[in-house]
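One structure follows; several queries about it will come next.
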Amino acid sequence: MKKYVMLLSFTAMMVVGILTWGVFSRNSAVPVSIVKVNPVTVENSVTCSGRVERVSMHNVYSPSAAFVSQVYVQLGDKVTQGQRLMDIQVPSSASDSSSSSDSELDGTYESLLNQYSGQSQITTRTITSPYEGKITSLSVVNQGYVQAGTPVAVISDRSDMLQVRLSVNESQISDIKKGQKAIITGVGFKNTAYTGTVKSISTEAKQMVSTTGQETVVEVIVSVEKPGSDIKPGYTAKAKIITSENPNVLIAPYNAVRADKNGNEYVFKLKEKKAVKTPVVTDREFDDGFEITSGLSENDEVIANPDSVSNGAHVIPKESSVSSDD
């Protein structure tokens, strides 16, 4: 009889021990975030800034410093080649040369006429449009003053088409090629991201003063596809130029990859609710993490926050964050 009582007591103790261990194990398991590794297409890109402008803009200049006696067009007018834009009053000496100094004409329209009282000393010249298009900028008014070298008007033959003129640092220009796609954003049209294409790359570099000092840049023109009413000429813009695309790349988040004291990299894979230390080999770095070339396979689940786990530790997976090909 005592034998059966002892067996029953031992069995009860074992059951209680197993239940207690189960409760202890559940309480000691570490909650972790899980990322499923799937092949994705990743991009390399160059981001640079510039200004929105109309395509095919043509500046019209005064032949010399002068006063404007009559303007015949308004902003937004459509003009034909050879159409009269404005008449200007130029001293005879300036009409023979486009390099007259601005000081010769410094003053008001009336003082110009008083200074040159004889009609022979004043030449009236007409500025005509060398292009067909639309007046998209007009910088003069009747009886206004025109400085030498300053455009009096801008004519665009395709006012509905826009482009972005970018300044690309010399350290990045070798990655940019004609035909590459770009994503265009800006504070003036913050609710819209436009797509574009690299149309041209300048053959010469130039010096530009930036907030960090002087830098060498190359101008790049990117078209704006299907511009809407919210993007306007003169706005500042940023363009993310896609320099390469890499399909079928396994990416592990940066915080999921660790290295031991010898520099050997590893991750913790999830296997039967346990953290399993797994050696990996990484290669390129992308926005979302490291490229994994060895150690992981498609659909493997890795622990994204492994700071509190050790090899073989019981874990409680949270809702998985799955990487997928866009």
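The values are calculated or read from the model by the stated rules, or taken from the named source; none is laboratory data. The shown structure was predicted, so the numbers you read here are calculated from the model rather than taken from an experiment. Virtual Cβ from ideal backbone geometry, glycine too; neighbours counted across all protein chains shown. The protein model used for the area step is the full one, side chains on, heavy atoms only, and it has no ligands, DNA or RNA in it. Shrake-Rupley method; radii C 1.70, N 1.55, O 1.52, S 1.80 Å.
Evaluate the distance, in nm, between pseudo-label points positioned 7 Å from the Cα of THR203 and of LYS190 along their respective Cα→Cβ axes.
Each label point is offset 7 Å from its Cα along the Cβ direction, giving 4.2 nm.
Among the listed pairs LYS36/LYS261; LYS181/LYS226; LYS181/LYS240, which have their C-alpha atoms separated by more than 18 angstrom in this model?
Details: LYS36/LYS261 27 Å; LYS181/LYS226 14 Å; LYS181/LYS240 8 Å.
As for pairs spanning more than 18 Å Cα to Cα, those are LYS36/LYS261.
What FRET efficiency do you get for GLU285 and LEU75 if R0 is 56 Å and r is their Cβ-Cβ distance, rounded to the nearest 0.05? The partial results should precede the final answer.
Values: r = 50 Å, r/R0 = 0.89.
About 0.65, to the nearest 0.05.
Shifting gears a bit: Taking the Cα centre of each part, how many Å lie between the range 150-227 and the range 232-296?
31
Sort the range 260-318 into rounded, prolate or oblate with this rule: let a ≥ b ≥ c be the square roots of the eigenvalues of the Cα gyration tensor; rounded if a/c is under 1.5, and if a/c is not under 1.5, prolate when a/b is larger than b/c, oblate otherwise. Let's see the in-between values first.
Details: a/c = 1.84, a/b = 1.45, b/c = 1.26.
Here the range 260-318 falls in the prolate category.
Another question, if that's okay. Excluding SER310 itself, calculate the net charge of residues whose Cβ lies under 12 Å from the Cβ of SER310, where each Lys or Arg counts +1 and each Asp or Glu counts -1. Walk me through the intermediate numbers first.
Values: positive: ARG258, LYS274, LYS277; negative: ASP307.
Net charge around SER310: +2.
Let me ask you something else. Measuring from a point 7 Å past the Cα of SER210 along Cα-to-C-beta, which residues in the range 175-201 have an amide N at less than 17 Å?
Within reach of a label on SER210: 175-176.
Hey, another quick one. Given N residues in the range 181-307, what is its alpha carbon radius of gyration divided by 2.2 N^0.38 Å?
1.55
Sorting LYS181, LYS240 by accessible area (1.4 Å probe), largest first, what list results?
Details: LYS181 115, LYS240 70 Å².
Highest to lowest solvent-accessible surface, that is LYS181, LYS240.
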